[in-house]
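See below for the structure under consideration.
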Amino acid sequence: MTGGADDAPPYRSWDGAQGGYVAALALGAMREDLVRRAGEAAPVRTLGAHFLAPVDERPLRFTARTLREGRRTSMCTHTATQGGAPAPAGSAVFGWGGAGPALADLSAPPALAPEACPPLTLPSDPGAFAAHLEIRPASEARPLGGGPRAELLAWLRFTDRRPLDAGTPVVLADAPPPGLFAVWTVPRPVPTAELTVHFTDALEAAPVEDRVLVRIRTEYAGSGWAVEDSALWSTTGRLLALARQARALRNGPRPHTAATDRPRRSLFRGDAAGRRRVVTVRPARGPCSP
């Protein structure tokens, strides 16, 4: 993904950067390390991220390592620190396509055309990152609508109409409000503790429009934790990605100070080994091109 203007809204969600945004940055760091070693990188198949602490506007230092370079499959890991403390960590699997059986059993749910769905504006606090998105609910469910099902369905795209690449499904899978918001009437923080995204071959097989249909639903909630599933489809009904995340349920929002809203420029650079990327994650810039 490419960055936006320096005066654009930050990618803040509650008391830290949006998890999908941070995970997309990690994907870019791992892909860079794989390209440095092998000269090219296969399409990403799976991305996993564990969020050890909220990520704020300070520089975030990624260290990516390629554990295995195969003719068909490669595996990488990433760790990150912020202010000397551990931040996100995780791994990714990259793999070339080939001949094999095909199955596409998860069809897109019925939905009106995007143009027939009025756009939805989410509050800027706590979800400042939503200002980067055009959100058009594609069902009767609305965030904080007190509905019967913990599920939301919406057409999403970035306001700058950027084309879809490997990083955008990671952000969009985590972009809608949690499915629990469809049954709640009062918001509360539901930060992501772990996010895993599985990619199909749709992005490499054919060009995909900038808009996607995203369904997010809470499969389980209890003891202060929730499990959520997301699915993303193209406008032609092709499945793009599946995601699952573990969320922590909080009782109330954490206050944030004006200092956390200061715009900062993103910075990308490498160390002597070419493995480290330093980024400032909460100004306007979006995730780098993975």
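So the values come out like this:
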{"quantity": "Residue within the stretch 228-240 that is of a type in the set (Asp, Glu), more than 20 Å from GLN18 (Cα to Cα), modelled with pLDDT of 95 or more and in contact with a Gly (Cβ under 9 Å, 6 or more places away or on another chain) present", "calculated": "no"}
{"quantity": "Pair list, Cβ < 9 Å and 6+ apart or interchain, from the stretch 38-55 residues that are in contact (Cβ under 8 Å) with a residue 24 or more places away in the chain to residues that are open to solvent by 30 Å² or more (accessible area, probe 1.4 Å) and assigned to a helix (DSSP H, G or I)", "calculated": "ALA41/ARG31; ALA41/GLU32; ALA41/VAL35; PRO43/LEU203; PRO43/GLU204; VAL44/ARG31"}
{"quantity": "Residue match in the stretch 180-197 (condition: at pLDDT 95 or above, crowded, with 20+ Cβ neighbours inside 10 Å, of a type in the set (Val, Ile, Thr) and out of contact with any Phe, Trp or Tyr (no Cβ under 7 Å at 6 or more places or on another chain))", "calculated": "yes"}
{"quantity": "TRP184 among the aromatic types (Phe, Trp, Tyr) and more than 22 Å from ALA108 (Cβ to Cβ)", "calculated": "yes"}
{"quantity": "Count of the stretch 20-59 residues which are outside any strand (DSSP E or B) and either open to solvent by less than 10 Å² (accessible area, probe 1.4 Å) or more than 23 Å from ALA248 (Cα to Cα) (or both)", "calculated": "26"}
{"quantity": "Matching residues in the stretch 128-171 - criterion: being among the aliphatic types (A, V, I, L, M), farther than 15 Å from ASP210 by Cβ, open to solvent by less than 40 Å² (accessible area, probe 1.4 Å) and at pLDDT 90 or above", "calculated": "ALA138, ALA141, ALA150, LEU152, LEU153, VAL170"}
{"quantity": "Index of the failed condition, LEU120 passing every other in (1) under 20 Å from the mean Cα position of the chain (by Cα); (2) open to solvent by less than 40 Å² (accessible area, probe 1.4 Å)", "calculated": "(2)"}
{"quantity": "Filter result (basic (Lys, Arg) and either part of a strand (DSSP E or B) or crowded, with 17+ Cβ neighbours inside 10 Å (or both)) within the stretch 60-78", "calculated": "ARG61, ARG65, ARG68"}
{"quantity": "Qualifying strands (runs of 3 or more DSSP E) (wholly inside the stretch 177-252; at least 3 residues being more than 21 Å from PRO88 (Cβ to Cβ))", "calculated": "212-222, 225-234"}
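The values are calculated or read from the model by the stated rules, or taken from the named source; none is laboratory data. Since this is a predicted model, take the numbers as computed values, not measurements. Cβ coordinates were reconstructed from backbone atoms using ideal geometry, including for glycine residues, and neighbour counts include every protein chain displayed. All accessible areas refer to the heavy atoms of the entire protein, side chains included, with ligands and DNA or RNA removed. Shrake-Rupley method; radii C 1.70, N 1.55, O 1.52, S 1.80 Å.
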